[in-house]
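Quick notes on the structure that follows.
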Amino acid sequence: MEATHASFSEALEALKAAAEETRLRILALLAQGELSVSDLTEILGQSQPRISRHLKLLVEAELVERHREGAWAFFRLAETGAARLIRPVIETLDRDDPHLFADRTRLAAVRRQRAQAAQSFFARLAPQWDRLRSLHAPEAVVEAAVLEALGGKPVRNLLDLGTGTGRMLQLLGSRAIRAVGLDASHAMLSVARANLEKAGLTRIELRQGDIYAPPFPRNTFDLIVVHQVLHYLDDPARALREAAQLLCPGGRVLIVDFAPHNLEFLRETQAHRRLGFSTEQMKAWLTEAGLDCACAREIAPPQGGENQLTVSLWLGEDRRTLTDWPLAAPNREVA
């Protein structure tokens, strides 16, 4: 993440905003992961209007970021600007302070409730997903192939499109400076949030949004993952074109999906819209999106046969190089 500096006035406003007991407790909680207004209300034992007023001040001071997730709003500690002044202060707070200790205890209880709700939702889906997993190579084999395809190239900004349970964020999130997961389903984001919290990855961002209209600026991410998502879409090519627009020069898109198959029951039982993709088709879509196919690999199922699935992996690379990117503003003529 690029270093940014706060002006004197920004720093002053940020310190003023943080210099209040409840707001400092809120900041200490958000340093451990994003929370909703209802979460903070339950943890702090204060009314929702009061918590909302405190959050409004913190957002205006740019210490906290707010994002919508359907009817919900989630808040997280900002990473740039004046917020950089506050995080070191939070990290030096006495963890044994009675207020902070009680807040952390109630935070743990809120997370347990969240995890239980996510587990109940996932349990309803598990039988179908277990059946699907039995048809293709073990996930450990697929994930090893993902890591091999990506190699050791550094990752600054990672986006997981259709993050689902957040598994790709668990696998790759620690390698990125910034990691974001996008999904259209609030229920699935709840599962991902619980899984990431359990894994200790509390600074990963989760966003609700449409894969056809991802809510991010162009030229933002150097790695985008689309893992087992395209077969649910009516227009996979459009989703790849939208993803390509988000890549910075030289960025990469990693796609994991199925090779062509004839398992029609997946349309009926698991809402698959497409029965796999050929490498020729995927290369054509990547070309249309302005990407080169740098890698194409198939991972055979543990047992051969018509009723098995082959997992395919493709790596698309943005054709632009860093030398195409303006590193500095052009010189302006002096009148």
| query | For the stretch 28-39, in order, what is each residue's ³J(HN,Hα) by Karplus, 6.51 cos²θ - 1.76 cosθ + 1.60 with θ = phi - 60°, in whole Hz (x at glycine and Pro)? | reply | 5, 5, 5, 5, 9, x, 6, 9, 8, 4, 5, 4
| Listed highest first by mean packing, meaning other Cβ atoms within 10 Å per residue, what order do 193-200, 29-36, 84-91 come in? | 29-36, 193-200, 84-91
| field | Cross-link partners of Lys56 among lysines (Cα-Cα below 17 Å; sequence separation of 8 or more within a chain) | value | Lys16
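Please report, largest first and rounded to whole Å, the three semi-axes of the ellipsoid equivalent to the stretch 8-109, where each semi-axis is the square root of five times an eigenvalue of the C-alpha gyration tensor.
Ellipsoid half-lengths, sorted descending, are 20, 17, 12 Å.
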| request: Multiply the residue gap between Ala271 and Arg156 by 0.36 nm, knock off their C-alpha separation, and tell me the result in nm, one decimal place. | output: 38.0 nm
| remark: Summing +1 per Lys or Arg and -1 per Asp or Glu among the other residues with Cβ less than 15 Å from Ala296's Cβ gives -3
| task | Would you grab the residues whose amide H sits under 5 Å from the one on His272? Only those 5+ places off in sequence or on another chain, please, with H modelled 1.01 Å from N. | result | Arg267
| request: Amide H neighbours of Ala184 under 5 Å, at least 5 residues apart or on other chains, H built in the peptide plane: list them. | output: Gly209
| Computed FRET value (nearest 0.05) for Glu10 with Ala184, which takes r as the C-beta separation and R₀ as 45 Å | 0.80
| For the chain, with only Lys/Arg (+1) and Asp/Glu (-1) charged at the beta-carbon, what is the dipole magnitude about the Cα centre, in debye rounded to 20? | 520
| field | Label selected from (i) 61, 49, 36; (ii) 65, 65, 32; (iii) 54, 42, 35, the criterion being Cα extents along the principal axes in Å as computed here | value | (ii)
| request: List, in order, the whole-Hz ³J(HN,Hα) value for each residue of the stretch 49-65 obtained from phi through the Karplus relation with A = 6.51, B = -1.76, C = 1.60 and θ = phi - 60°; use x for Gly and Pro. | output: x, 5, 4, 4, 5, 4, 5, 4, 5, 5, 5, 4, 7, 6, 8, 10, 9
| remark: Listed by chain and number, the residues whose amide H is under 5 Å from that of Leu206, excluding neighbours fewer than 5 places away on the same chain and using placed H, are Gly181
| note | A chain fully extended from Leu201 to Ala102 at 0.36 nm per residue, minus the present Cα-Cα distance, gains in nm 33.4 nm
| field | Linear extension gain, Ala144 paired with Ala71, 0.36 nm per residue minus alpha-carbon span | value | 22.5 nm
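Values in this text are rule-based calculations from the coordinates and carry no lab data. Since we're looking at a predicted model, the values are computed, not measured. With ideal geometry, Cβ positions are generated from the backbone for all residues, glycine too; neighbour counts draw on all protein chains shown.
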